[in-house]
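Everything below concerns the one structure shown next.
Derivation of every value follows stated rules applied to the coordinates shown; laboratory data play no part. As the structure is a prediction and not an experimental result, all values here were calculated from the model. Virtual Cβ from ideal backbone geometry, glycine too; neighbours counted across all protein chains shown.
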């Protein structure tokens, strides 16, 4: 599984179906990660985290909003860059291959025409 750690509280994980945003939780003295949102595309997951970071901040004026957006964007960009680009590319390729395999299996199950 490809994991992109964002900070101590958030990370993005890729499984065979989607990009999952997970939040750190303490349970019985141990840190556990709990999935909170799922997206078909990495960009959607990143936008969600960006919006959440901005929305949660106490911002008084336009310059503070711009600074918060810039800071959150830079943090997310750094997190993605820290993750191995090869890992992300391989994960995307795996998802495409799995999707093609699922479509092919569906066509076999539904007959040569593949119509539903």
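Using the Cβ-Cβ distance between residue 57 and residue 80 with R0 = 22 Å, the FRET efficiency computed as 1/(1 + (r/R0)^6) comes to roughly 0.55.
A protection proxy built from the mean count of other Cβ atoms within 10 Å ranks the segments 28-34, 71-77, 11-17, 61-67, most packed first, as 11-17, 71-77, 61-67, 28-34. In terms of other Cβ atoms within 10 Å, 6, 36 run from fewest to most in the order 36, 6.
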